[in-house]
Amino acid sequence: MNTLPPGPEHLGLIDTLRCTFGSPALVIRRLAARHGDPFRVRTFNGPLTFIGNPAAIRAIYTADPETFEPFGVDVTEPIFGRTSVVVSTGPRHRRDRKLLTPPFAPAAAKSYASVVAEVAREAASQWTPCQPFSMLEAMQSITLDVVIRVVFGVKGEARIRDVRAAVLDLIHAMNPLILIMPAIRRPFGGFGPWARMLRATAALDALLSEDIRALRASGEDRSDVLGLMLKARYEGGEGLSAQEILDQLRALLFAGHETTAVTLAWAFYWLHREPDTLARVLAEIDGLGPEAPPEKLLGLPYLDAVCLETLRIVPPVANVGRVPRKPFALLDYTIPPGEPLVPSPLLVHGRDDLYPEPERFRPTRFLERDFSPFEFIPFGGGSRRCLGATLAMVEMKVVLAVLLREYHLRLASAEPIEHVQRGITLGPRGQVPMIVEGRRVRPIAREACLDRGSAVT
Ligand code: HEM
């Protein structure tokens, strides 16, 4: 008996290109329909097994964490840093997760709601009525500022501006070649992408180190993630070193910024394609009254369902895998050590036995039934499930509610937008151009906006 899952011999060149630059969901779902779920396919990086079957996902997420290594660490290490929780394994990973859990626990995450609301209002105050703008860029800017203020705990306009500039420099220095070609990770006498990235990292680290030193010296009791991280102690009583804190902060930046931004841009997109859904969520938000504190928004069930449905239909992270250290029993198959397993949200979220009419954006499905942690996996699962999941949900709900309550928006184009690979995350193709039609309290004439062309694509 063949102990490996069925599948095509190779992922052909066209499908490889589609998975790298186009829509991997179409490829993965087609292969699962043809070969079964799970299926195994040989890619340029070796064989991978994709899994959308909840029983098989359960087997992976509930296995002893020591069974697996994380997948793709060599690719992501330059992004996340050598000692960060995103790439560490074994006892070190367990220790760091425990240490980093309090700043991301639900009570802490909820306490960040008013800062998130403030950041969203400030960003939207720059919007010009009737002008198309990039919703994706707007959300990237909001989620970046949330990381800077909530995670790094930076305060004061000038300081926020300096840190933002340093962070953007680092983001721009993340040349994709560094990720796919480890051989070029050399300083080359100060020239080239690796040297640029090291310089950008050092510049951001220098700014954050000043804040860490000042915070330690002042003994101030702060409730942002950095403040809580500085207070945290391992079981033996020792805390994280300054370098470890810097690695963790950079990892949180890269894990939390783009993922939340693309999900928010998608939520605006889907809501503005589905007028009934938009009307229902607006009625729920308006029901709280104009002065409702941001924390109140977190308890709105339909708003919650809108965020969950966005994460279901267009998950931003799809290729998170586990590499078994020894032969692993997956349903009736045996996966050899070293062969990555990928629990795939693209597959499980598209199953019509779980999500009838899976291609439809229908938030009520999340009000009609509960989904298990093996059926709904936008934040991964098991011992490495996303540490920032609660913060991400807080961010999404507050940003959506604050902006929807305030602005009349519309999509600049009626064309559907594809869900495509963008670097290490999946997101919308293009910028999700939208137009502000006015403030909801005093909408401007709709016709006034209709003649303007779309400059953002
Ligand atoms: C919509 C937004 C987000 C999505 C969809 C998302 C998704 C994910 C996924 C799929 C993983 C891998 C889980 C696994 O291996 O099973 C992950 C890991 C992680 N995420 Fe998120 N994430 C989001 C936002 C955030 C935010 C806001 C933060 C923090 C600021 C964050 C911090 C992390 C960290 C630290 C890990 C590594 C956990 C570990 O390896 O133990 N994420 N995320």
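The values are calculated or read from the model by the stated rules, or taken from the named source; none is laboratory data. Since we're looking at a predicted model, the values are computed, not measured. So basically every Cβ, Gly included, is an ideal-geometry build from the backbone, and we count neighbours across all protein chains shown.
Taken together, the residues in the stretch 41-58 that are crowded, with 17+ Cβ neighbours inside 10 Å and touching a Phe, Trp or Tyr at 6+ places or on another chain (Cβ under 8 Å) amount to 6. Cβ separations smaller than 8 Å between residues 6+ apart or across chains give the following pairs from the stretch 372-400 residues that are over 16 Å from A255 (Cα atoms) to residues that are basic (K, R) and near the ligand (Cβ under 7 Å from one of its atoms): P373/R385; S383/R97. Flag: D224 matches the condition of being of a type in the set (D, E, K, R) and touching a residue at least 24 places away in the same chain (Cβ under 8 Å). The set of residues in the stretch 257-266 that are near the ligand (Cβ under 9 Å from one of its atoms), in contact with a helix residue (DSSP H, G or I) (Cβ under 6 Å, 6 or more places away or on another chain) and of a type outside the set (S, T, N, Q) comprises H257, A261, L264. Would you be able to say whether some residue in the stretch 406-414 is surrounded by 17 or more Cβ atoms within 10 Å (Cβ to Cβ) and assigned to a helix (DSSP H, G or I)? So far as the stretch 406-414 goes, yes, one or more of its residues are surrounded by 17 or more Cβ atoms within 10 Å (Cβ to Cβ) and assigned to a helix (DSSP H, G or I). Here V150 clears all of (1) over 22 Å from A412 (Cα atoms); (2) surrounded by fewer than 23 Cβ atoms within 10 Å (Cβ to Cβ); (3) modelled with pLDDT of 90 or more; (4) hydrophobic (A, V, I, L, M, F, W, C) except the condition numbered (2). May I ask you to verify whether D74 is at pLDDT below 90, away from the ligand (no atom under 14 Å from the Cβ) and acidic (D, E)? In short, yes. Screening the candidates L308, L297, L331 for the property of being within 11 Å of the ligand (Cβ to nearest atom), in contact (Cβ under 8 Å) with a residue 24 or more places away in the chain and more than 22 Å from A412 (Cβ to Cβ) yields one hit, L308.
Quick one: would you say L177 is closer than 17 Å to F80 by Cα, at pLDDT below 90 and part of a loop (DSSP other than H, G, I, E, B)? Here the answer is no, as L177 does not meet what is asked.
Only one of the numbered conditions (1) at pLDDT 85 or above; (2) touching a Leu at 6+ places or on another chain (Cβ under 9 Å) is violated by T425, and that is (2).
Within the bounds of the stretch 144-165, is there any residue that is away from the ligand (no atom under 16 Å from the Cβ) and in a loop (DSSP other than H, G, I, E, B)? Yes.
Would you confirm whether any residue within the stretch 265-280 is among the hydrophobic types (A, V, I, L, M, F, W, C), without any contact (Cβ under 8 Å) to a residue 24 or more places away in the chain, out of contact with any strand residue (DSSP E or B) (no Cβ under 6 Å at 6 or more places or on another chain) and over 15 Å from K397 (Cβ atoms)? Within the stretch 265-280 (the criterion being among the hydrophobic types (A, V, I, L, M, F, W, C), without any contact (Cβ under 8 Å) to a residue 24 or more places away in the chain, out of contact with any strand residue (DSSP E or B) (no Cβ under 6 Å at 6 or more places or on another chain) and over 15 Å from K397 (Cβ atoms)), the answer is yes, since at least one residue qualifies.
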